[in-house]
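Beneath this line is the structure, given in structure tokens, with notes to follow.
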Amino acid sequence: MKNLLVLLLIAGSLVYTFMFYDKDEAVPEAAPAPENTQAAAPAKPQNLPHVILFTGTSWCGACKALEGKVLRTPEWYEFARNEIQFTKYDIPQNSGAAPRQALELMQKYGVRSFPTMVLVDENGNKVSQKVGAYAHVAAYRNWVFASM
């Protein structure tokens, strides 16, 4: 239960983070999340697919495109909120400054380029992996549910 609460707090923080982007890009802004989403959100069922994103939004062009054209859309917000468990690791260009947990997971899942999404099962084993940025949330939704 404690792990689920921590996961929900992290997910809520990530969703909140996704709401802000570079205003110079012509990208629609995501619908604002309600206040206190961490406390007010109902617990997600544990059987939802878990998607982990390894990205480098401060330096990776494809990562910036994914962030602006997919992750900041209302469609992604709803998908990540209702249909999956979503974890994002934003890796700095100097990967030595990245959190140790992110580096360990990158090694475990064989992440060698950015952006990479990894679909994992309930035991944390890799089920599937998608490398690169795709234009639509539907492509990610189809990948997740076709892989399960």
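What follows is calculated from the coordinates using simple rules that are stated; it is not laboratory data. Since we're looking at a predicted model, the values are computed, not measured. Here the Cβ is made from the backbone with ideal geometry for all residues, glycine too, and neighbour counts use every protein chain on show.
Grouping the Cα pair distances of segment 47-148 into 5 Å bins from zero gives a pair-distance distribution of 2, 13, 25, 26, 20, 11, 3 percent in increasing distance order.
Between beta-carbons, use under 13 Å as the cut-off and find the net charge around Pro99, counting Lys and Arg +1, Asp and Glu -1. Within the 13 Å Cβ shell, the charges total 0. In plain terms, the chain from Met148 to His136 could stretch by 2.4 nm, reckoned as 0.36 nm per residue minus the Cα-Cα distance.
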